There are 2 protein chains.
Amino acid sequence: MSDPIKYLLDESKLPKAWYNLAADLPSPPPPVLHPGTMKPVGPDDLAPLFPMSLIMQEVSTEREIEIPEPVREVYRQWRPTPLFRARRLEKALETPARIYYKYEGVSPAGSHKPNTAVAQAFYNKEAGIRKIATETGAGQWGSSLAFAGALFGIEVLVFMVRVSYDQKPYRRAFMETFGARCIASPSNETHYGRQVLAATPDSNGSLGIAISEAVEIAATRDDTKYALGSVLNHVLLHQTVIGQEAIAQLEMADDYPDIVVGCTGGGSNFAGIAFPFIGAKLRHGRNVQVLAIEPAACPSLTRGKYAYDFGDTGHMTPLTKMHTLGSTFMPPGFHAGGLRYHGMAPMVSHARELGLIDARAYTQRACFDAGVQFARAEGIVPAPEANHAVRGAIDEAIRCREEGVSRAILFNLCGHGHFDMQAYTDYFAGRLIDQTYDENELAMALAGLPTVPAGV
Amino acid sequence: MSDPIKYLLDESKLPKAWYNLAADLPSPPPPVLHPGTMKPVGPDDLAPLFPMSLIMQEVSTEREIEIPEPVREVYRQWRPTPLFRARRLEKALETPARIYYKYEGVSPAGSHKPNTAVAQAFYNKEAGIRKIATETGAGQWGSSLAFAGALFGIEVLVFMVRVSYDQKPYRRAFMETFGARCIASPSNETHYGRQVLAATPDSNGSLGIAISEAVEIAATRDDTKYALGSVLNHVLLHQTVIGQEAIAQLEMADDYPDIVVGCTGGGSNFAGIAFPFIGAKLRHGRNVQVLAIEPAACPSLTRGKYAYDFGDTGHMTPLTKMHTLGSTFMPPGFHAGGLRYHGMAPMVSHARELGLIDARAYTQRACFDAGVQFARAEGIVPAPEANHAVRGAIDEAIRCREEGVSRAILFNLCGHGHFDMQAYTDYFAGRLIDQTYDENELAMALAGLPTVPAGV
């Protein structure tokens, strides 16, 4: 038989616990602040939004948090996901590098998002919740929660950013097939939405606005909670099955990565692949370079400020310390909608401040160049978000060729591009341009960051 | 651990040979006739269209045909595909039936089609061919050959039925991502296309017309061959990895199907799952009911005539004996584009004549009802074609409930619906209507079947 191209783990090797990086960091991340009192929030402050089990995960410093059996049972439908050795891509690049990719596109929703959607739906169901409100930009997260809601018998209400709602009717149909209700945001269903519409009737919406709407619904209704698809600690935690599986699969290949690459929007798929490797570095001294790739048009890690900021535009969320471009920053419209967020997960930001993560920004055309090269070699068409990770991995592989060194490169192919073909159509038609933001607008958004008392 | 929901085969269990039903049938299928001489065709007659290795497979009566190692190497990227036990669907239906489904949507193109596309690309490459012309309706086949062509370095030219070309730009972008060239048919690139356009400038095209165009290109160019995605013996042969794997996976589950269900358009995914079970019945007396589900709007098996007919509208192909609605029959526009073909694979037709296969026709709305119920229980959104198999399986499971009998039902979920969400949008908007054909037009199409000398 030829050299292996696929490493599959037996179902029995599905991780039994999520890995919590907070247990191994040399210092704890800064506290989350109440936007009114500017004091650290306690579990009760978050109780209107989340079931207590998820709040406890949010603040936990336990290294391992057991995955409930009903969640593992759903995971087992598509997990462990395959790890591929990209031998055909290596050949096309004429590189001595060993390129591996973990493929999360095999999930029912086509990305890594169900890893946390299923967990969140389970804990809400367990707490007797009947309805969950959420937001979605590109649609990956809304699809995933719609899927998870269908399985656990929870109604799902998705505020979909207006511009995506209009441009991506198929994503909407996908969510509706799972029984979710999908509303264009800003909407007339919330106080905040009506406010925005009064000021700008033809608003395109934004992730920040949609978050405000979903949070408002959850905060004002007893039977409804809120769910977020990235950024929060418990969301990142649920994604760590990715990296844990990858470690076991690379053992099968008798290899270990020199470099781990992921794309970053809110930070969850990146944390999912990277945190278990960072943990192994901190605990066992296993050396690894961890590389976050972000869009040049929304570069929170490379151009943002590490500061306290709101997670939403309506300023209803608590304040978290993170790399942020400012909650009023409006990135230009580019195709990786899942990476168009002004902030970065606080835990990812903290790890970056601790020097555990490197970051790099790429323009979207360069990322699509890489995505198409990958598709022709490996047969999988990546999501625009994933193209960023592909670009990062290919550039590292090219560096190996130039330096004449064989390194092991692992990247997370976090989703397929089946619902993003308009982006590829634009790319082939030469309509995909590298828009950038206005430096003055960025400066203004950063100047508007909330003031936090000294000593916090 | 809970009861298993997924049966995975180790890579080492990937079949080493395709299974050829012709070896086990009690009588051979009728010969293929040359359209000019009305005499049985020989291998040389087909040589302008196919490499000799595929022609020999077309006429082979060997039971096992070895799968070349380079083909297995590509297969191993997504094969063996998973077999699922649909426990959540069983629960939703309150049925004592054991429902299993083989899921072919995990392939790079999202359906079973790459099983033969990869094989055909390999044999063409081996024969020194540089270019392949083909047709596509819904786009599944074109996508699969585009993928396979990219892997083996063969140029792929796809004639895409005009109405699909206009309605499904994302399928086209998907093919182009793999480097294929996609042309709306009827086109100005062929003599036959220009003829059709002269007569009907605003023609929507049809699969029959697109086949004629692709065949013409292959027949008139030395460096170009033709590839078909269904109907032919060698195509069905390549799909038998599906049923072979299913048999091994059901052994893991310590079960064997009472009923095997597949949807039928040209017949290839159906043959893929069913032929190995029919072979086991013929050789070892293992009893099984085999059920083909077809669209009521294009019912070749249930309403067609078993007769010699052309495979295309331009009458360039040889004549094969099959269940046909007549090569001039134009089915109404419905959403399972992969099932809109006037004929049925000769080998499937022959098996039906031998009493080895039952057939049933469903309207499309009933199939989408089933598809949505399946999606909400199992988390996978099926292709419109696959919804027919889902409907058949659900009805059999309901029968089990009514009769109070537990039977094992196996069906082929031949592809996902990610590129077919317009159909679901129409379904939810109440716009999906059950169009049917005109009985007079069917009678005329059948009256126009070619006359074949007696005694053939």
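If one computes P(r) from the Cα atoms of the range A:213-360, what percent of pairs lie at distances over 24 Å?
So the portion of pairs separated by more than 24 Å is 35 percent.
How long are the semi-axes of the equivalent ellipsoid of the range B:1-101, defined as square roots of 5 times the Cα gyration tensor eigenvalues? Whole Å, largest first.
Computed over the range B:1-101, the values are 40, 20, 12 Å.
How many angstrom separate the Cα center of the range B:411-437 from the Cα center of the range B:63-92?
Taking the Cα centre of each part, the range B:411-437 and the range B:63-92 sit 25 Å apart.
Considering the range A:70-125, what Rg and Dmax in Å follow from its alpha-carbon atoms?
Spelled out, the Cα radius of gyration and Dmax of the range A:70-125 are 15.5, 51 Å.
Can you list the residues, at least 5 places off or on another chain, whose amide H is less than 5 Å from the amide H of B:Ala383, using H built in the peptide plane?
Hits under the 5 Å cutoff: B:Gly415, B:His416, B:Gly417.
Other chains' Cβ within 10 Å of B:191-204 residues: what's the mean?
For peptide B:191-204, the averaged partner shielding equals 0.
Summing both sides, how much accessible area is buried between A and B? Use a 1.4 Å probe and give Å² to the nearest 100.
Answer for the A-B pair: about 4200 Å² buried.
If you take all C-alpha pairs in the range B:50-174, what percent of them are over 26 Å apart?
Summing the P(r) of the range B:50-174 above 26 Å gives 35 percent of all pairs.
Tell me which GluC sites (Glu not before Pro) from the range A:1-68 have a DSSP coil assignment and no more than 16 other beta carbons within 10 Å of their own.
Those satisfying the criteria are A:Glu62.
Against the globular-protein guess of 2.2 N^0.38 Å, express the Cα radius of gyration of the range A:316-386 as a ratio, rounded to two decimals.
Taking N as the residue count of the range A:316-386, the ratio is 1.37.
Taking square-rooted eigenvalues a ≥ b ≥ c of the alpha carbon gyration tensor, is the range B:385-426 rounded, prolate or oblate, where a/c under 1.5 means rounded and, failing that, a/b exceeding b/c means prolate?
Since a/c reaches 1.5 and a/b is larger than b/c, the shape of the range B:385-426 is classed as prolate.
Look at the axis of the rotation that sends chain B onto chain A, then give the chain B residue with the nearest Cβ and the distance in whole Å.
For chain B, the closest residue to the axis carrying it onto A is B:His418, 2.
What number results when the radius of gyration of the range B:272-321, computed over Cα atoms, is divided by 2.2 N^0.38 Å?
Here the answer is 1.56, to two decimals.
What translational diffusion coefficient, in µm²/s and rounded to a whole number, does the Stokes-Einstein relation yield for the range A:371-456 at 10 °C and a viscosity of 1.306 mPa s, taking the hydrodynamic radius as the Kirkwood radius over Cα pairs?
Using the Kirkwood radius from Cα pairs, D works out to 97 µm²/s.
In what sequence, highest mean first, do B:442-449, B:387-394 appear when ranked by Cβ atoms within 10 angstrom?
B:387-394, B:442-449
Could you work out the Kirkwood radius for the range B:303-456, taking every pair of different alpha carbons, averaging 1/r and inverting it, reported in Å?
Evaluated on the range B:303-456, it is 17.5 Å.
Relative contact order for the range B:97-236: what is it in percent, counting Cα pairs under 8 Å that are at least 6 residues apart?
26 percent
If you take the alpha carbon radius of gyration of the protein assembly as shown and divide it by 2.2 N^0.38 Å, what ratio comes out, to two decimals?
Compared with the compact-globule rule of thumb, the protein assembly as shown sits at 0.95.
When you have a sec, figure out the Kirkwood radius of the range B:3-61 from all distinct Cα pair distances and drop it here in Å to one decimal?
Hydrodynamic radius (Kirkwood, Cα only) of the range B:3-61 equals 14.9 Å.
Quote the accessible area belonging to A:Thr220 in square angstrom, nearest 10, computed with a 1.4 Å probe and with ligands, DNA and RNA left uncounted.
100 Å²
Can you give the mean number of other chain Cβ atoms that lie within 10 Å of the Cβ atoms in peptide A:435-447?
Shielding by partners across A:435-447 averages 0.
Can you pull the mean other chain C-beta count within 10 Å for peptide B:414-426?
4
Using a 1.4 angstrom probe on protein heavy atoms only, which residues from the range A:355-389 are buried by at least 30 Å² of accessible area when all chains are present rather than their own chain alone?
SASA drop of 30 Å² or more in the range A:355-389: A:Arg376, A:Gly379, A:Val381.
Distance from the Cα centre of the range A:160-207 to that of the range A:111-155, in angstrom?
18 Å
Within the accessible area of chain A, what % is carbon and sulfur when the probe is 1.4 Å and the other protein chains stay in place?
Roughly 49 percent of what the probe reaches on chain A is carbon or sulfur.
Using θ = phi - 60° and the Karplus form 6.51 cos²θ - 1.76 cosθ + 1.60, what ³J(HN,Hα) does each residue of the range B:428-436 get, whole Hz, x for Gly and Pro?
Per-residue couplings from phi come out as 5, 7, x, 9, 8, 9, 8, 5, 10 Hz.
State, to one decimal in nm and shortest first, how far the label point of B:Ala366 sits from each corresponding label point in the other identical copies (label point: 7 angstrom along Cα-to-Cβ).
Result for B:Ala366, in nm, nearest copy first: 5.7.
Over the range A:212-321, what relative contact order in percent results from Cα pairs under 8 Å that are six or more residues apart?
It rounds to 25 percent for the range A:212-321.
Counting helices only, and only those DSSP H runs with n ≥ 4, report the 222 nm mean residue ellipticity of the protein assembly as shown as the sum of -39,500 (n - 2.57) divided by its residues, in deg cm²/dmol to the nearest 500.
Helices in the protein assembly as shown give a 222 nm mean residue ellipticity of -12000 deg cm²/dmol.
Return one number: the angle in degrees, 0 to 90 and rounded to the nearest 10, between the long axis of the Cα atoms of helix B:268-284 and the longest principal axis of the Cα atoms of chain B.
60 degrees
Could you list log10 I(q)/I(0) for chain A at q = 0.08, 0.11, 0.12 Å⁻¹, which the Debye formula gives when each Cα is one point scatterer?
Debye intensities relative to I(0), on a log10 scale: -0.41, -0.81, -0.98.
Net charge near A:Ser300: determine it from the other residues with C-beta under 11 Å of the C-beta of A:Ser300, scoring Lys and Arg +1 and Asp and Glu -1.
Taking every other residue near A:Ser300 into account, the sum is +2.
Which value results for Rg/Rh of the range A:236-297 when Rg is the Cα radius of gyration and Rh the Kirkwood radius based on the inverse mean 1/r?
0.98
Taking only C-alpha pairs under 8 Å that are 6+ residues apart, what is the relative contact order of the range B:32-118 in percent?
18 percent
What is the distance in Å between the Cα centres of the range B:326-352 and the range B:290-321?
Here the two parts' Cα centres lie 5 Å apart.
Show the residues, 5+ positions off or on another chain, whose built amide H is closer than 5 Å to the amide H of A:Ser206.
Those qualifying (amide H under 5 Å, at least 5 residues apart or on another chain) are A:Arg162.
Which whole-number value in Å² is the accessible area per residue of chain B, probe 1.4 Å?
34 Å²
For B:Glu69, go 7 angstrom from Cα along the Cα-to-Cβ vector, then report the distances to that same point in the other copies in nm, smallest first.
Inter-copy label distances (nm, one decimal, shortest first): 4.6.
Across bins of 5 angstrom width beginning at 0, how are the C-alpha pair distances of the range A:126-255 distributed, in whole percent?
Computed distribution, short to long bins: 2, 11, 18, 20, 18, 12, 7, 5, 4, 2, 1, 0, 0.
Taking the C-alpha atoms of the range A:113-152, how large are the radius of gyration and the largest Cα-Cα span, Dmax, in Å?
Values for the range A:113-152 (Cα only, Rg and Dmax): 9.5, 29 Å.
What are the residues whose amide H is under 5 Å from the amide H of B:Ala359, where those residues sit 5 or more places off or on another chain and H is modelled from the backbone?
Here B:Ala292 satisfy the definition.
List, shortest first and in nm to one decimal, how far the label point of A:Pro169 (7 Å from Cα along Cα→Cβ) is from its counterparts in the other copies.
The answer, with the shortest distance listed first, is 1.3 nm.
The values are calculated or read from the model by the stated rules, or taken from the named source; none is laboratory data. Not measured: the values here are computed from a predicted model. Quick reminder, even Gly has a Cβ in these numbers, built from the backbone with ideal geometry, and neighbours come from all protein chains shown. What goes into the accessible areas is simple: the full protein's heavy atoms, side chains included, and nothing from ligands, DNA or RNA. Shrake-Rupley method; radii C 1.70, N 1.55, O 1.52, S 1.80 Å.
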